[in-house]
Amino acid sequence: MTRRFNKSMGMCLPCLGGAADDVVPTPDPETRRRQLAEAAEKRQKETTYRGVKNPEAVERKKKKQEDMKKQEMTTSPSGGGGGGGGLKWQVG
């Protein structure tokens, strides 16, 4: 019985030929760093919004709450001096 071998059998090392053509050149460090940063950001977004149907709505709600807190901070009196507007307390 004769055996037939695959033509690519034994071609797993670059020195055996053919494999050198398949090698992808490594990108420069700056490009690599940018790609890694983008991938990390994508993974972070995916884990942050896991199970959320509408991530944009969550972001809008979070921003609205932050804006409301910021507005409260600017309109409330600071230091108890009563000079920042808002309510004035009277002790009777």
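Numbers below:
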| quantity | calculated |
| --- | --- |
| Solvent-accessible surface ranking, highest first, for VAL24, VAL52 at 1.4 angstrom | VAL24, VAL52 |
| Cβ-Cβ FRET estimate between LYS63 and LYS88, R0 fixed at 25 Å, reported to 0.05 | 0.20 |
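The values are calculated or read from the model by the stated rules, or taken from the named source; none is laboratory data. Source: prediction; values computed, not measured. Counting neighbours? That spans all protein chains shown, and the Cβs are built from the backbone with ideal geometry, glycine included. Areas reflect the complete protein model, heavy atoms only, side chains present, ligands, DNA and RNA absent. Shrake-Rupley method; radii C 1.70, N 1.55, O 1.52, S 1.80 Å.
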